[in-house]
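Let me begin by presenting the structure, written as structure tokens, before commenting on it.
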Amino acid sequence: MAARNVMKGKTGDWLAVIGLEIHAQIASHSKLFSGSKVKFMAPPNQLVSFFDAALPGTLPVLNKYCVEASILTALALSCKINKKSLFDRKHYFYADMPAGYQITQQRKPIASNGHLLFNVYDDVKREKPRRHRVNIKQIQLEQDSGKSLHDEEKQQTLVDLNRAGVGLMELVTEPDMSNGKEAAAFVQELQTILERIGTCNGKMAEGALRVDANISVNKPGEPHGVRTEVKNINSVRFVKNAIEYEIRRQIDVLESGGTVVMETRSLDDTGCTIPMRDKEDVLDYRFMPEPNLPPLVLYDDTTINSTICQEKAINVDTLRRRMPELPEDQRQRLTEDYGITYSNAVKLVNEEGLADLFEQLCTASSRKETKRLINWCLIDILKCLHQRNLTVKQSPIPVEKLSDIFSSLQSGEISAKSAQKLLELLFDGDSRSVSEIMDVENLRQITSEEEVLKFCTKAVNEEPDLVEVYQSRNKKVINKLMGIVQMKSKGRIEPQLAKRIMEELLERRRRR
Amino acid sequence: MHRSSYRLQAYQDPKLAKELRSGEVSVSELCNRCKERASKLNSLNALVTTTFEQAEKHALESNQRIQSGNARHILDGIPFAVKDNFSTKGIRTTCASKILQNYIPAYTATVVEKLEECGAILMAKQIWMNLQWGDSGCTDSIFGPTRNPWLYPYKEREVTVQRSDTQEVQDTDWFISGGSSGGSAVAVATGMVLGALGSDTGGSTRMPASICGVVGLKPTYGLSSRHGLIPLVNSVDVPGVLSKTVDDAAVILGAMCGADPLDSTTVSLPDQSFQLPDEIDIKGLKVGIPQEYHSPRLEEEVLQSWSKAADLFENAGAKVIPVSLPHTQYSLACYSVLCAVEVASNMARYDGIEFGHRSQDHSSTEALYAASRHEGFNQVVRGRIFAGNFFLLRRSVLQICFNLMTT
């Protein structure tokens with residue numbers, strides 16, 4: 001059993017038990033059982049096929065890409081793939097579900113028995129992660145429902161079926177989490193993985209990833225308490241806050257002598273859980289095998305030749321070989337190959353595309369000064385991107401130009417400030433070559449001592465009083481003189497060099 | 001022509017296809033004859049919606065093809081009809097039920113499309129029992145019952161059938177056509193069309209065929225597409241063929257069968273021509289006679305027909321042997337339960353929201369659903385839905401069976 005966090009209550013210690021049910025929208029072009037398009041924010045009811053509207057006589061046709069996506073996801077979470085899985089109908093009446101039932105996988109889902117190892121940061125500075133493992137009970141394929149909007153004023157319900165029938169992967173975890181932080185960290189790592197393998201864009205704000213949390217509390221040594229379900233959490237931050245709020249709420253209820261009601265709760269804007277209206281506690285879904293879909297049979301290298309329909313068959317091993325490098329593997333590899341800290345590797349991997357950029361720049365740079373490069377990536381480049389609301393993929397600067405800037409920085413040809421200026425210009429659309437900009441904008445460092453001396457001499461000649469102070473009382477005023485030198489040279493002199501030359505100059509003057 | 005009031009005027013045309021090809025009869029003429037027949041025999045109440053205008057146009061096109069030697073298929077120019085549970089684009093498809101009384105589908109069922117692609121001419125949609133549930137006499141539709149053409153007092157009683165929900169039938173001196181594809185069987189038997197599509201779940205094509213004296217074929221499940229066939233029991237439904245002769249049935253089956261990407265339960269066969277040879281040789285063919293079918297309550301007449309058929313096979317050289325189907329005794333119970341279950345599920349979509357009958361009671365979503373469904377379904381259908389939902393409850397034995405099936 002993993003280390004559990006103990007919470008302090010008025011009457012003593014408490015433990016919390018949390019399990020998650022996550023619905024991830026499959027990033028496919030068309031829906032799970034019909035050919036209509038999948039698109040976020042399309043005008044209402046524009047993406048509805050006859051099957052989606054449940055016109056009588058229409059039948060489901062399974063989307064191969066959706067199956068492959070769920071297999072990839074299952075493999076990434078170390079699940080066992082069920083070579084034969086079944087589809088069922090789950091019945092309930094609701095305006096956003098035209099058929100009166102949802103096609104899902106209740107009896108035999110496509111995958112089961114997986115796990116995810118991820119980092120949880122208990123410290124504020126996020127420097128010392130601990131590894132936590134959550135087991136995955138199963139992954140199943142199912143249809144998403146449409147959307148219904150309730151207009152209280154006009155007393156009507158508006159139904160948009162664009163989302164009806166979109167493919168979902170439902171991931172059910174075991175109750176292996178003990179606080180909001182662990183749950184949030186799990187969701188975050190899951191998002192990164194799904195984005196990486198391309199099966200779901202993971203955007204909770206768009207509803208592409210929806211988290212339901214099952215939460216209960218109990219005193220240490222006692223059995224699990226009554227659990228509540230908190231539905232439709234739509235951000236990682238709310239995962240943590242909602243769960244923490246609910247744990248506190250349950251502890252308060254129990255400590256004041258009350259009982260926790262098994263119910264479904266939703267989230268208000270402030271992160272507090274509130275009971276959901278119109279939600280039946282125990283609904284009998286009257287499950288039934290879906291008669292229009294034969295069992296889903298998957299193959300592997302040993303069985304693929306036994307099928308007569310090779311073009312349509314799915315080979316799990318082929319998908320396994322297609323798996324891209326998973327985030328955690330990449331973090332470990334970056335740490336080992338480039339000697340960067342794990343913490344920096346985490347930051348690199350967290351920003352999609354940044355790790356690849358870093359590796360490309362490392363390869364291009366002649367010296368393996370990864371320390372400087374990592375900082376440059378994580379601070380300078382990332383700052384420019386975030387300021388302009390761009391992702392790494394959307395960066396307008398080709399890798400070669402970034403590489404040029406970095407090598408000039410490395411060689412001392414330009415100062416850090418100049419490098420920053422170059423970045424800003426290029427990010428803002430300057431299409432000149434790096435060399436050209438350096439020339440025209442006069443960004444190159446002044447390295448010749450003669451030149452430096454000229455600037456120092458000018459500064460000294462302009463400020464005789466400061467020189468006087470330096471020579472007699474206070475050596476610290478040299479900084480003011482340095483300031484003037486930097487201003488005159490537009491920051492193109494390396495500070496240490498400037499200081500040395502200045503000191504030598506002042507010494508010579510003193511001796512006169 | 002015999003003037004007896006109980007004698008049907010049969011329409012014999014075994015060489016019709018040839019006549020069409022040779023130009024002796026034009027397609028338009030043929031369709032007109034069928035149309036006249038349909039109008040004349042309106043009192044039999046076989047048809048829900050006729051498509052004569054469209055048929056006229058198609059007849060002209062078909063005739064042109066045949067004249068220029070470009071007939072698409074044997075079926076080119078042949079008038080046919082389909083049961084009113086096959087979706088037909090732009091043509092009302094009611095399922096003989098109030099819930100779909102004014103439903104006009106936006107697409108056409110695959111098998112109907114296939115026949116039309118061969119050049120066959122759709123003449124009408126046919127009556128059947130209200131959503132296929134009711135007694136097997138085809139008397140339970142909102143359009144009133146269909147009458148058996150063989151024993152009908154045509155001359156004595158020229159009555160118009162009153163089409164209403166309350167089923168006030170003017171005349172009572174008529175016999176059932178069998179169901180639920182009664183309308184299709186009657187249309188073929190009387191020559192209103194030369195072939196028809198019905199559907200068969202538990203005998204719905206074969207029974208009316210038998211009662212109306214035509215050929216009724218239930219193809220093997222998976223041979224023909226169910227896309228567009230408004231379902232009753234998805235696991236068992238098939239499109240059925242009704243025709244005058246076995247050869248015709250084979251031709252129609254050959255035209256409509258085949259794997260359909262829109263129906264995941266269809267299969268592909270290497271050879272799907274279904275052409276019957278002129279000389280049929282069944283020497284060595286093993287024909288099984290299930291022992292369990294000889295039930296104690298079997299009628300003498302039926303037993304005799306059965307024996308006669310077995311003898312025919314034997315005399316023709318086949319090997320007729322007894323076989324055992326030991327679970328026969330449970331089949332009816334299984335069928336009843338599974339039917340109720342699938343019906344309850346398939347009827348869940350009829351809520352009046354996207355299509356179909358919508359009630360005026362808008363006090364709440366639940367009320368709207370309840371009222372629409374209560375008004376749209378007749379008592380028999382509602383009863384089946386209740387039974388089906390009961391069987392599907394979590395605590396039911398059925399759920400235990402479903403779970404056992406997966407281990």
> Considering only residues of the range B:369-379 that are more than 25 Å from the chain's Cα centre (by Cα) and surrounded by fewer than 20 Cβ atoms within 10 Å (Cβ to Cβ), which is nearest to the other protein chains (Cβ to nearest Cβ)?
Replying inline: B:A370
> In the range A:86-138, how many residues are in contact with a Phe, Trp or Tyr (Cβ under 7 Å, 6 or more places away or on another chain) and either in a strand (DSSP E or B) or more than 25 Å from B:F402 (Cα to Cα) (or both)?
Replying inline: 10
>> Looking only at the range A:473-493, how many residues end up being surrounded by fewer than 17 Cβ atoms within 10 Å (Cβ to Cβ) and not in a helix (DSSP H, G or I)?
In response: 3
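When you go through B:R395, B:R382 one by one, which is the residue that is out of contact with any Phe, Trp or Tyr (no Cβ under 8 Å at 6 or more places or on another chain) and either of a type in the set (S, T, N, Q) or more than 12 Å from chain A (Cβ to nearest Cβ) (or both)?
Details: B:R395 fails: either of a type in the set (S, T, N, Q) or more than 12 Å from chain A (Cβ to nearest Cβ) (or both).
Result of the check over B:R395, B:R382: B:R382.
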> Among the numbered criteria (1) within 11 Å of another protein chain (Cβ to nearest Cβ); (2) modelled with pLDDT of 90 or more, which single criterion is violated by B:W306?
Replying inline: (1)
>> Is it the case, given these coordinates, that A:K231 is at pLDDT below 95 and surrounded by 15 or more Cβ atoms within 10 Å (Cβ to Cβ)?
In response: yes
>> Between a residue in the range A:179-193 that is more than 24 Å from A:L15 (Cα to Cα) and any residue that is aliphatic (A, V, I, L, M) and part of a helix (DSSP H, G or I), which pairs come within a Cβ distance under 8 Å, given they are 6 or more apart or on different chains?
In response: A:Q191/A:M204; A:Q191/A:V236; A:T192/A:V349; A:I193/A:A76
> Which condition breaks for A:L409 when tested against (1) on the phi > 0 side of the Ramachandran plot; (2) out of contact with any Pro (no Cβ under 7 Å at 6 or more places or on another chain); (3) not charged (D, E, K, R)?
Replying inline: (1)
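Using the structure shown, decide if B:A344 is part of a helix (DSSP H, G or I), of a type in the set (G, A, S), more than 24 Å from the chain's Cα centre (by Cα) and within 14 Å of another protein chain (Cβ to nearest Cβ).
On the way: part of a helix (DSSP H, G or I): yes; of a type in the set (G, A, S): yes; more than 24 Å from the chain's Cα centre (by Cα): no; within 14 Å of another protein chain (Cβ to nearest Cβ): yes.
So B:A344 fails the test.
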> In the range A:298-334, which residues are part of a helix (DSSP H, G or I) and farther than 30 Å from A:L361 by Cβ?
Replying inline: A:I304, A:N305, A:S306, A:V316, A:D317, A:T318, A:L319, A:R320
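Which is assigned to a loop (DSSP other than H, G, I, E, B), more than 14 Å from every other protein chain (Cβ to nearest Cβ) and either modelled with pLDDT of 90 or more or within 23 Å of B:E36 (Cα to Cα) (or both), of B:T139, B:T160? Don't jump to the end; show me each part of the working.
Numbers: B:T139 fails: either modelled with pLDDT of 90 or more or within 23 Å of B:E36 (Cα to Cα) (or both).
From the options B:T139, B:T160, the qualifying one is B:T160.
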> Failed condition for A:N218, given (1) buried (at least 16 other Cβ atoms within 10 Å of the Cβ); (2) within 14 Å of another protein chain (Cβ to nearest Cβ), with all others met?
Replying inline: (2)
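Just checking, does the range A:275-294 include any residue being touching a residue at least 40 places away in the same chain (Cβ under 8 Å), more than 14 Å from chain B (Cβ to nearest Cβ) and not polar (S, T, N, Q)? Please lay out each step first, then the result.
Let us first name the residues in the range A:275-294 that are touching a residue at least 40 places away in the same chain (Cβ under 8 Å), namely A:276, A:283, A:285-290, A:292-293.
Remaining after also requiring more than 14 Å from chain B (Cβ to nearest Cβ): A:276.
Still in the running and not polar (S, T, N, Q): A:276.
Yes: the range A:275-294 contains one or more residues that are touching a residue at least 40 places away in the same chain (Cβ under 8 Å), more than 14 Å from chain B (Cβ to nearest Cβ) and not polar (S, T, N, Q).
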> Is it the case that the range A:433-441 has a residue that's among the polar types (S, T, N, Q) and out of contact with any helix residue (DSSP H, G or I) (no Cβ under 9 Å at 6 or more places or on another chain)?
Replying inline: no
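In contact with a Pro (Cβ under 8 Å, 6 or more places away or on another chain) and assigned by TED's automatic domain parsing to the domain that holds B:Q126: which single residue out of B:L223, B:L229 fits that description? Write out each step before concluding.
Numbers: B:L223 fails: in contact with a Pro (Cβ under 8 Å, 6 or more places away or on another chain).
Sole residue among the options that is in contact with a Pro (Cβ under 8 Å, 6 or more places away or on another chain) and assigned by TED's automatic domain parsing to the domain that holds B:Q126: B:L229.
Identify the residue in the range B:82-98 that is assigned to a strand (DSSP E or B) and touching a residue at least 60 places away in the same chain (Cβ under 8 Å) and, among all such residues, is farthest from B:G183 (Cα to Cα).
Of the residues in the range B:82-98, the ones assigned to a strand (DSSP E or B) are B:82-83, B:86, B:88, B:91.
When the remaining residues are screened for being touching a residue at least 60 places away in the same chain (Cβ under 8 Å), the result is B:82-83, B:86.
Numbers: B:V82: 9, B:K83: 7, B:F86: 13 Å.
My answer is B:F86.
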> Considering the range A:468-496 alone, what residues qualify as being at pLDDT below 85 and of a type in the set (A, V, I, L, M, F, W, C)?
Replying inline: A:I493
>> For the range B:324-334, check the following and say yes or no: at least one residue is within 14 Å of chain A (Cβ to nearest Cβ), in a helix (DSSP H, G or I), over 24 Å from the mean Cα position of the chain (by Cα) and of a type in the set (S, T, Y).
In response: no
> In this structure, is A:F455 within 23 Å of A:I493 (Cα to Cα), modelled with pLDDT of 85 or more, touching a Phe, Trp or Tyr at 6+ places or on another chain (Cβ under 8 Å) and of a type in the set (A, V, I, L, M, F, W, C)?
Replying inline: no
>> Checking A:K154 against (1) outside any strand (DSSP E or B); (2) in contact with a Ser or Thr (Cβ under 8 Å, 6 or more places away or on another chain); (3) within 14 Å of chain B (Cβ to nearest Cβ), only one condition comes out false. Which one?
In response: (2)
> Taking the condition buried (at least 20 other Cβ atoms within 10 Å of the Cβ), touching a Cys at 6+ places or on another chain (Cβ under 8 Å) and more than 10 Å from chain B (Cβ to nearest Cβ), does A:L141 pass?
Replying inline: yes
> With respect to the numbered conditions (1) crowded, with 18+ Cβ neighbours inside 10 Å; (2) modelled with pLDDT of 90 or more; (3) under 21 Å from the mean Cα position of the chain (by Cα), which one is the sole condition not fulfilled by B:N63?
Replying inline: (3)
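Residue-by-condition table, conditions (1) surrounded by 12 or more Cβ atoms within 10 Å (Cβ to Cβ); (2) more than 23 Å from the chain's Cα centre (by Cα); (3) among the aromatic types (F, W, Y):
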| site | (1), (2), (3) |
| --- | --- |
| A:G257 | no, yes, no |
| A:T264 | yes, yes, no |
| A:C272 | yes, yes, no |
| A:Q330 | yes, no, no |
| A:K347 | yes, no, no |
>> Going through A:I103, A:I110, A:I136 one at a time, which residue ends up being away from chain B (no Cβ under 14 Å), surrounded by 12 or more Cβ atoms within 10 Å (Cβ to Cβ) and closer than 30 Å to A:N315 by Cβ?
In response: A:I136
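Results for (1) at negative phi; (2) away from chain A (no Cβ under 14 Å); (3) surrounded by fewer than 24 Cβ atoms within 10 Å (Cβ to Cβ); (4) touching a Leu at 6+ places or on another chain (Cβ under 7 Å), shown as yes or no for each residue.
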position: B:G179; (1), (2), (3), (4): yes, yes, no, no
position: B:V188; (1), (2), (3), (4): yes, yes, no, yes
position: B:G198; (1), (2), (3), (4): yes, yes, no, yes
position: B:R206; (1), (2), (3), (4): yes, yes, yes, no
position: B:A209; (1), (2), (3), (4): yes, yes, no, yes
position: B:G213; (1), (2), (3), (4): no, yes, yes, no
position: B:L217; (1), (2), (3), (4): yes, yes, yes, yes
position: B:Y221; (1), (2), (3), (4): yes, no, yes, no
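The values are calculated or read from the model by the stated rules, or taken from the named source; none is laboratory data. None of the values given here were measured: they were computed from a predicted structure. For neighbour counting, all protein chains shown are included, and Cβ atoms are generated from backbone atoms with ideal geometry for every residue, glycine included.
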